[in-house]
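First up is the structure itself, then whatever we jot down about it.
The values are calculated or read from the model by the stated rules, or taken from the named source; none is laboratory data. Since this is a predicted model, take the numbers as computed values, not measurements. Ideal geometry is used to build each Cβ from the backbone, glycine not excepted, and the neighbour counts take in all protein chains shown. Each accessible area value is taken on the protein alone, full model and side chains, heavy atoms only, with ligands, DNA and RNA left out. Shrake-Rupley method; radii C 1.70, N 1.55, O 1.52, S 1.80 Å.
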Amino acid sequence: MSATPAPAGPGGESTEEKVKLDLKTQVRRVVQGDLASVRVVLGLALIWIIFQVQEPRFLSDQNLTNLMLQITAIGLISVGIVFVLLLGEIDLSVGAVSGLCAAIMVVLNVQHGWNPYLAIAAGVAAGASIGFVQGFLFSRFNVPSFVVTLAGLLAWEGALLQVLGKTGTINITNSKVVGLANIFYKRHGRWIMAAVVIVGYG
């Protein structure tokens, strides 16, 4: 009894040969960097496996929740930086700007008694204003983004020290401000906040 040959593909090769060729092509693309996201996912999976072996609670829902809360601030900043990098530019001042805006919010709330939401709005407005000034210098006068943001890095760090004053640190005591990073809102509240963010982004 003779074996039935595998059906041939459009180029004359068998289905088995076509699958092997596709697999080799995908592997070559990963190695060459065409599918960089695959390498990132594989790297993350390796990290998860190593940490899970060392600590069985690493992938527990409680620990993953804590990790999400801890990386929120850095994650938000990183998303903004990605857009800058996609344009082939760079922003060296993002750390100093984020620190300055946070300091403005805390000082207004703690030392000047501002409503926490108004203080947060003032911090956001300060960040938007700084972004507008630096973007204007870059787009209107063609000053390289490296130069603009390097100057901003130094200037806004100085402004941060000036805003904080001699103490250098201020403790946040307002429960509404602290709760933004520590309170899990009800389901309808989460959906409303997500919708607002998505619409605002759009």
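Tabulated data for the structure shown
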read-out	value
With every protein chain in place, the chain: carbon and sulfur % of accessible area (1.4 Å)	69
Student exercise, the chain dipole from Lys, Arg, Asp, Glu Cβ charges, in Debye to nearest 20	420
For Kirkwood radius over Cα pairs in Å, calculated from these coordinates, the label among [x] 21.9; [y] 17.8; [z] 20.3	[x]
Listed residue (Val82, Val27, Leu164) projecting farthest to the positive dipole end of the chain, Cβ model	Leu164
J(HN,Hα) series, segment 189-199, from Karplus relation 6.51 cos²θ - 1.76 cosθ + 1.60, nearest Hz, glycine and proline x	x, 5, 5, 5, 4, 5, 5, 4, 5, 5, 5
Amide H contacts under 5 Å for Ser14, placed H, 5+ residues apart	Gly9
Cα centroid separation, segment 143-202 to segment 57-91 (Å)	14
Anisotropy class of segment 64-163 from Cα gyration tensor, a/c 1.5 cut	oblate
Estimated FRET transfer efficiency when R0 is 35 angstrom, pair Asn171-Val84 (beta carbons, to 0.05)	0.60
Net length gained if the chain between Leu23 and Arg140 were fully extended (0.36 nm per residue, minus Cα distance)	37.2 nm
Of Asp22, Asp61, Asp91, the one that fluctuates the most in a GNM where the chain has Cα springs shorter than 10 Å	Asp22
From phi via Karplus (6.51, -1.76, 1.60), per-residue ³J(HN,Hα) for segment 164-171 in Hz, x at Gly/Pro	6, x, 5, 5, x, 9, 9, 7
Heavy-atom accessible area per residue - the chain, 1.4 Å, Å²	75
Nearest 10 degrees, 0 to 90: helix 36-54 Cα axis against the chain principal axis	80
